[in-house]
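Enquirer: Structure in structure tokens, see below.
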Amino acid sequence: MSLFTASPLLRTSLSSSRGVLGAARCVPVCLALSAQAPRSLSTSPVTRALPWAKSAKTHPVSLDQDFKALNAVRQERPTSPHFTIYQPQLTWLSSIANRVTGVGLSFGLYAFMSAYAVAPLFGWTEALSSAHLTQLAAELPLWAKLGLKVPLAAAASFHTVNGLRHLSWDMGYFLDLKESYIAGYSVIAASAAATIYLCML
């Protein structure tokens with residue numbers, strides 16, 4: 001990990017850096033620390049070429065060893081976002097839900113379009129025709145209809161209404177925390193109302 005495998009103090013400085021180049025910005029501080037607790041510093045060819053690295057006692061390591069040590073320290077850092085310590089908030093929950101619904105709706109749309117495109121090759125033309133699908137939906141029991149309509153209606157409603165909120169952010173509206181929460185709860189209410197309306201059709 002370049003100049004910073006020497007001691008816990010130096011390793012702490014590395015944890016706040018960004019890679020090898022980011023670590024280079026910490027060198028003046030780390031050299032000062034090493035003066036208080038002198039140890040042998042491991043360096044790669046990259047860091048040995050730096051001017052201030054020549055004054056430190058070093059022993060060479062390969063680039064592969066350098067990056068393996070760097071990655072080992074990175075694995076000790078907390079994962080972000082860390083769901084076990086972050087308090088659930090409407091802003092990031094709605095953001096995740098917006099992405100999940102978008103991916104789900106896109107996957108369903110592309111799956112149906114792909115099946116419709118290859119239907120003539122497999123003899124599915126009649127099965128995927130609008131008339132057949134309409135008749136099939138009409139013959140389903142109520143619980144099956146709701147089981148299909150509620151997830152689709154909820155996902156489509158939320159993704160559409162929340163998309164309008166994202167557009168309002170792009171135009172500079174509802175950026176304050178209080179306004180953002182009001183907009184978030186409004187999106188939930190409007191999505192629920194739209195879901196109920198679509199399920200009643």
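The values are calculated or read from the model by the stated rules, or taken from the named source; none is laboratory data. This structure is a prediction, so every number in the text was calculated from the model and none was measured. Here the Cβ is made from the backbone with ideal geometry for all residues, glycine too, and neighbour counts use every protein chain on show. For the accessible areas, the whole protein counts, side chains as well, though only heavy atoms, and no ligand, DNA or RNA atoms are used. Shrake-Rupley method; radii C 1.70, N 1.55, O 1.52, S 1.80 Å.
Enquirer: Please enumerate the residues belonging to the range 149-165 that are open to solvent by 40 Å² or more (accessible area, probe 1.4 Å) and of a type in the set (Val, Ile, Thr).
Expert: Val150, Thr160
Enquirer: Go through the range 133-162 and count every residue that is among the aromatic types (Phe, Trp, Tyr), within 30 Å of Ser186 (Cβ to Cβ) and more than 29 Å from the chain's Cα centre (by Cα).
Expert: Total satisfying the criteria: 0.
Let's see how each residue does on (1) among the acidic types (Asp, Glu); (2) within 27 Å of Ala193 (Cβ to Cβ):
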site	(1), (2)
Ser114	no, no
Glu126	yes, no
Ser129	no, no
His132	no, no
His166	no, yes
Trp169	no, yes
Gly172	no, yes
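Enquirer: Looking only at the range 110-128, count how many residues are of a type outside the set (S, T, N, Q) and part of a loop (DSSP other than H, G, I, E, B).
Expert: Number of matching residues: 5.
Enquirer: Could you list all residues from the range 123-138 that are over 19 Å from Met200 (Cβ atoms) and loosely packed, with under 10 Cβ neighbours inside 10 Å?
Expert: Those that are over 19 Å from Met200 (Cβ atoms) and loosely packed, with under 10 Cβ neighbours inside 10 Å: Gly123, Glu126, Ser130, Ala131.
Enquirer: Can you find, within the range 166-186, the residue that is surrounded by the most Cβ atoms within 10 Å (Cβ to Cβ) among those that are touching a Phe, Trp or Tyr at 6+ places or on another chain (Cβ under 7 Å) and in a helix (DSSP H, G or I)?
Expert: Taking the candidates together, the pick is Ala183.
Enquirer: Pairs, please: C-beta under 9 Å, at least 6 apart or cross-chain, first residue under 14 Å from Thr91 (Cβ atoms) and in the range 168-185, second of a type in the set (Lys, Arg)?
Expert: Phe174/Arg165; Ser180/Arg165; Ala183/Arg165; Gly184/Arg165
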